[in-house]
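Participant: Following this message is one structure expressed as structure tokens.
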Amino acid sequence: MKDILILDGGMSRELLRLGAELKQPEWSALALMNSPEIVRRVHDEFIVAGADVVTTNSYALVPFHIGEEAFERDGASLAALSGKLAREAADAAARQVLVAGSLPPIFGSYEPENFDPARVQHYLRVLVANLAPYVDVWLGETLSLIAEGEAVRQAIKVSPKPLWISFTLADDAEQMAGGEAKLRSGETVRAAAEWAASSGAEGLLFNCARPEVMKTAVETASVVFRKKGSAVKIGVYANAFESDTDDQAANQGLHDTREDLTGDVYSRFACEWADAGASMIGGCCGIGAHHIHTLADTLRKAG
């Protein structure tokens, strides 16, 4: 098994575990406003668990969550704070830890129909400008359609650093039964991989879907990259949601998480992804520091 870059896990439930207040619609952005020290603790705990990458807590810094007025007033300062906290945690580590600057879906998670190409760059510009001093790599994450990935690619041209694009996958009954891997927009993973191979991105990842659907996506992307002679790396960070989330908006409460998805179980999935071609592996919503600890230990022993 190849060496694996260990990513961190989901931020929000770790914030809750450590005592931060989270409520919709602000969600994890509320911790930046009221308890930034807990955000820093989450980063520290993921690093201690074995993460090689920590992700800025900037996912909810969009009007979809904090509102248009708050974004225009505070978006820049909150984005800078999220970058600063992640950078401080990474720099305090006893080994090299990278900071990934989270660039979220501007108009809502799992809502590709709301994507507005005429307005997206205004919001991305604020995030990129204020995260740029702190991050090592850009991470467009939980994107539901290829156009969102292209928007991120355009936005970071003012601050050229390595680009990782992570798409969230459809994980309904068809995909759970082994159907063709697709994004939540209905676009195929094959099409996303073909776009990634020509985009200049250094990584194509899949996140915020159930672990059972990830292996097929990795296999599909691996075939595309192999045929094209592409060096794009593949990554996975699944969620622990009990069921598919296509019928639930991202700011309508807290999704239930699976009790069966222990650190050992999640690590077995991770080994399958690595064998299929993934070289960056971590966790998304509901995957905590204890999962990352077991995952890191398991993958490093196997590698």
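Participant: Restricting attention to the range 55-86, and to residues there that are free of Cβ contacts under 8 Å to residues at least 60 places away in the same chain and within 17 Å of the chain's Cα centre (by Cα), which single residue is farthest from Val120 (Cα to Cα)?
Facilitator: The selected residue is Ala86.
Participant: For the range 222-243, state whether one or more residues are of a type in the set (Asp, Glu) and modelled with pLDDT under 95.
Facilitator: Yes, the range 222-243 contains a residue that is of a type in the set (Asp, Glu) and modelled with pLDDT under 95.
Participant: Now a separate question. Does any residue of the range 112-132 turn out to be closer than 19 Å to Val236 by Cβ and modelled with pLDDT of 95 or more?
Facilitator: Taking every residue of the range 112-132 in turn, none turns out to be closer than 19 Å to Val236 by Cβ and modelled with pLDDT of 95 or more.
Participant: Right, something else. Right, Lys84: among the basic types (Lys, Arg) and either in contact with a Cys (Cβ under 9 Å, 6 or more places away or on another chain) or not in a helix (DSSP H, G or I) (or both) or not?
Facilitator: no
Participant: Return the only residue of Leu145, Leu169, Leu139, Leu163 being open to solvent by 20 Å² or more (accessible area, probe 1.4 Å) and under 15 Å from the mean Cα position of the chain (by Cα).
Facilitator: Leu145
Participant: Okay, moving on. Taking the criterion of being in contact with a strand residue (DSSP E or B) (Cβ under 7 Å, 6 or more places away or on another chain) and free of Cβ contacts under 8 Å to residues at least 40 places away in the same chain, would at least one residue in the range 165-177 satisfy it?
Facilitator: no
Participant: Is there a residue being under 18 Å from the mean Cα position of the chain (by Cα) and either touching a residue at least 24 places away in the same chain (Cβ under 8 Å) or surrounded by fewer than 19 Cβ atoms within 10 Å (Cβ to Cβ) (or both) anywhere in the range 88-95?
Facilitator: Yes, because at least one residue in the range 88-95 is under 18 Å from the mean Cα position of the chain (by Cα) and either touching a residue at least 24 places away in the same chain (Cβ under 8 Å) or surrounded by fewer than 19 Cβ atoms within 10 Å (Cβ to Cβ) (or both).
Participant: Select from the range 50-77 the residues that are open to solvent by less than 10 Å² (accessible area, probe 1.4 Å) and closer than 15 Å to Gly10 by Cβ and list them in ascending order.
Facilitator: Ala51, Val53, Val54, Thr56, Asn57, Ser58, Ala60
Participant: Among the residues in the range 238-253, are any within 15 Å of the chain's Cα centre (by Cα), part of a helix (DSSP H, G or I) and farther than 23 Å from Tyr123 by Cβ?
Facilitator: For the range 238-253, residues within 15 Å of the chain's Cα centre (by Cα), part of a helix (DSSP H, G or I) and farther than 23 Å from Tyr123 by Cβ: absent.
Participant: Yes or no: Ala80 more than 19 Å from Leu295 (Cα to Cα), of a type in the set (A, V, I, L, M, F, W, C), at pLDDT 95 or above and open to solvent by 10 Å² or more (accessible area, probe 1.4 Å)?
Facilitator: For Ala80, the condition - more than 19 Å from Leu295 (Cα to Cα), of a type in the set (A, V, I, L, M, F, W, C), at pLDDT 95 or above and open to solvent by 10 Å² or more (accessible area, probe 1.4 Å) - is met.
Participant: Would the range 9-21 turn up any residue that is touching a strand residue (DSSP E or B) at 6+ places or on another chain (Cβ under 9 Å), over 21 Å from Asp136 (Cα atoms) and open to solvent by less than 50 Å² (accessible area, probe 1.4 Å)?
Facilitator: There is at least one residue in the range 9-21 that is touching a strand residue (DSSP E or B) at 6+ places or on another chain (Cβ under 9 Å), over 21 Å from Asp136 (Cα atoms) and open to solvent by less than 50 Å² (accessible area, probe 1.4 Å).
Participant: Moving to a separate point now. Pull up the range 254-303, narrow it to residues that are in a helix (DSSP H, G or I) and small (Gly, Ala, Ser), then point me to the one that is surrounded by the fewest Cβ atoms within 10 Å (Cβ to Cβ).
Facilitator: Ala302
The values are calculated or read from the model by the stated rules, or taken from the named source; none is laboratory data. These numbers come from a predicted model, not from an experiment. Cβ sites come from the backbone with ideal geometry, for glycine too, and all protein chains shown count toward neighbours. With ligands, DNA and RNA removed, areas are computed over all heavy atoms of the protein, side chains included. Shrake-Rupley method; radii C 1.70, N 1.55, O 1.52, S 1.80 Å.
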